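Following: one structure in structure tokens, then a few remarks.
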């Protein structure tokens, strides 16, 4: 137990550090590219990625998660899954290439033909690294995975910025998107040293395929629900609207994506390893849930309070129209933090059928929400998106945890401390901004607000809410030292 606990803490720390670096690099890249490129450049690529994103969900057919979730899996099974992934990658690349004229006709934009064709190659690069990444996850080698992520991002960012400076326009964004999976897969092969064998059909493969297929179907439905609004905005409001909405959405999505990729990946692997031990399973889940909320709440508050300053500092004055959209989308940061961890719980227990049912109810509601806001442009879409997400969060949580070792009371207790801390901190930060903000320029005002917000939040959470021991134990586990509870048990 101690070995798994230490690996979880260290793996989580490695992933959080990697995602912090990832976040910094992506923000830095966005700040630079937003000043080198026009909104239309982002909008053109965004139009295509709305299509490629759907196909991208099929890139591993859920087979990486199936490899990680299974208690036992053979080398022959992994090799067979590898070749299935390659086949799927080839089919997706050819399908997107064939769809290129359709994309051009749908948007009435001839520039999109070769953009679509070049972006299709990313499916091949992704497919070749899926099972190698899954192997590292099974082995809890998250430091290696984190290093690969950083190397891939640094390389792709350098390529994109260099091309933007050289005047390649939207092709800089295309090159960035394609180089990430290419570099990542090369690094994964080098790190694992695993060479796939010949594909062989055998017992146990059917259950892996069924798990992966259901997971893929869930991903497809959710992707449509979360991204159809960009297609609709592009169709009815044009590339400029997609560019502005897309950058606001990207800023909102970064915290959620980074946390889910870091804490979520480690949590899913760890929970899968202890799925037959209810006590440890519940303990691990609630600690991870509390940590995600604690990290997410100050981000949500910062976006709500400082939206205009964030847009001015990060993107520049020509993106000022994105500020209100950013503020309207801010609640989704917190909502995703509340509902995404339920996915760790359901998937690690193999309950993909329940998740599929919930998804088939949730997706139409979200789509209806932003379709109702579509006549009002990007702001209306953002409001409709956030409103439906907020209304659905609690029912989704209750549905997800029903019949498991985690109760709704557990969820409320885990969420209450960071939520109360956030409310107090937001009031103090707003007061300081109201009193001192008008006399400051955007960057100093943003720095002041962030310092007050984070300071008040940390003080409330650690001392008033009594969470100091929890975070001290995380630090001790990171250093390979026993937690305070473990020391007490040894002393007893």
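Give the number of residues within the range 125-175 that are over 16 Å from residue 24 (Cβ atoms) and in a helix (DSSP H, G or I).
Taking the range 125-175 first, the residues over 16 Å from residue 24 (Cβ atoms) are 125-145, 148, 159, 162-175.
Subset that is in a helix (DSSP H, G or I): 125-127, 130-138, 142-145, 148, 159, 162-165, 171-175.
So the answer is 27.
Sort through 381, 406, 424 and tell me the only one that's in contact (Cβ under 8 Å) with a residue 12 or more places away in the chain and outside any helix (DSSP H, G or I). I'd like the intermediate steps shown before the answer.
Values: 381 fails: outside any helix (DSSP H, G or I); 424 fails: outside any helix (DSSP H, G or I).
Result of the check over 381, 406, 424: 406.
Hey, among 44, 25, which residue is assigned to a helix (DSSP H, G or I), within 28 Å of residue 103 (Cα to Cα) and modelled with pLDDT of 75 or more?
Working: 25 fails: within 28 Å of residue 103 (Cα to Cα).
Going through 44, 25 in turn, just one is assigned to a helix (DSSP H, G or I), within 28 Å of residue 103 (Cα to Cα) and modelled with pLDDT of 75 or more: 44.
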Q. Within the range 385-394, can one find any residue that is under 18 Å from residue 290 (Cβ atoms) and in contact (Cβ under 8 Å) with a residue 12 or more places away in the chain?
A. yes
(Q) I need the full set of residues from the range 311-322 which are within 16 Å of residue 377 (Cα to Cα) and either outside any helix (DSSP H, G or I) or without any contact (Cβ under 8 Å) to a residue 60 or more places away in the chain (or both), in order please. (A) 320, 321
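Residue-by-condition table, conditions (1) farther than 21 Å from residue 264 by Cβ; (2) surrounded by fewer than 22 Cβ atoms within 10 Å (Cβ to Cβ):
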site: 99; (1), (2): yes, yes
site: 102; (1), (2): yes, yes
site: 109; (1), (2): yes, yes
site: 115; (1), (2): yes, no
site: 130; (1), (2): no, no
site: 139; (1), (2): no, yes
site: 144; (1), (2): no, yes
site: 160; (1), (2): yes, no
site: 175; (1), (2): yes, yes
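Can residue 210 be described as within 30 Å of residue 37 (Cα to Cα), surrounded by fewer than 17 Cβ atoms within 10 Å (Cβ to Cβ) and at pLDDT below 85?
Numbers: within 30 Å of residue 37 (Cα to Cα): no; surrounded by fewer than 17 Cβ atoms within 10 Å (Cβ to Cβ): yes; at pLDDT below 85: yes.
Against the criterion (within 30 Å of residue 37 (Cα to Cα), surrounded by fewer than 17 Cβ atoms within 10 Å (Cβ to Cβ) and at pLDDT below 85), residue 210 does not qualify.
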Q: Please state which one of 338, 334, 328 is more than 21 Å from residue 401 (Cα to Cα) and part of a helix (DSSP H, G or I).
A: 328
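The rows are residues; the columns are (1) touching a helix residue (DSSP H, G or I) at 6+ places or on another chain (Cβ under 6 Å); (2) surrounded by fewer than 19 Cβ atoms within 10 Å (Cβ to Cβ); (3) outside the structural domain of residue 369 (by TED's automatic domain parsing).
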site: 270; (1), (2), (3): yes, no, no
site: 278; (1), (2), (3): no, yes, no
site: 285; (1), (2), (3): yes, no, no
site: 301; (1), (2), (3): yes, no, no
site: 310; (1), (2), (3): no, no, no
site: 322; (1), (2), (3): yes, no, no
site: 326; (1), (2), (3): yes, no, no
site: 330; (1), (2), (3): yes, no, no
site: 335; (1), (2), (3): yes, no, no
(Q) For the range 77-117, give me the residue count where each residue is touching a residue at least 60 places away in the same chain (Cβ under 8 Å) and either out of contact with any helix residue (DSSP H, G or I) (no Cβ under 9 Å at 6 or more places or on another chain) or part of a helix (DSSP H, G or I) (or both). (A) 13
Q) Given the conditions (1) part of a helix (DSSP H, G or I); (2) free of Cβ contacts under 8 Å to residues at least 60 places away in the same chain; (3) more than 21 Å from residue 334 (Cβ to Cβ); (4) in contact with a helix residue (DSSP H, G or I) (Cβ under 8 Å, 6 or more places away or on another chain), which single one is not true for residue 435? A) (4)
Q) Would you call residue 320 closer than 24 Å to residue 430 by Cα and at pLDDT below 90? A) yes
(Q) Can you go through 479, 456 and tell me which one is under 29 Å from the mean Cα position of the chain (by Cα) and either crowded, with 16+ Cβ neighbours inside 10 Å or at pLDDT 90 or above (or both)? (A) 456
Q | Residue under evaluation residue 376, criteria (1) under 23 Å from residue 297 (Cα atoms); (2) surrounded by fewer than 17 Cβ atoms within 10 Å (Cβ to Cβ); (3) more than 20 Å from the chain's Cα centre (by Cα), criterion not met | A | (1)
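The values are calculated or read from the model by the stated rules, or taken from the named source; none is laboratory data. Computed from a prediction, not measured in an experiment: that's the story for all the values here. Here Cβ is always computed from backbone atoms with ideal geometry, including for glycine, and neighbour counts include all displayed protein chains.
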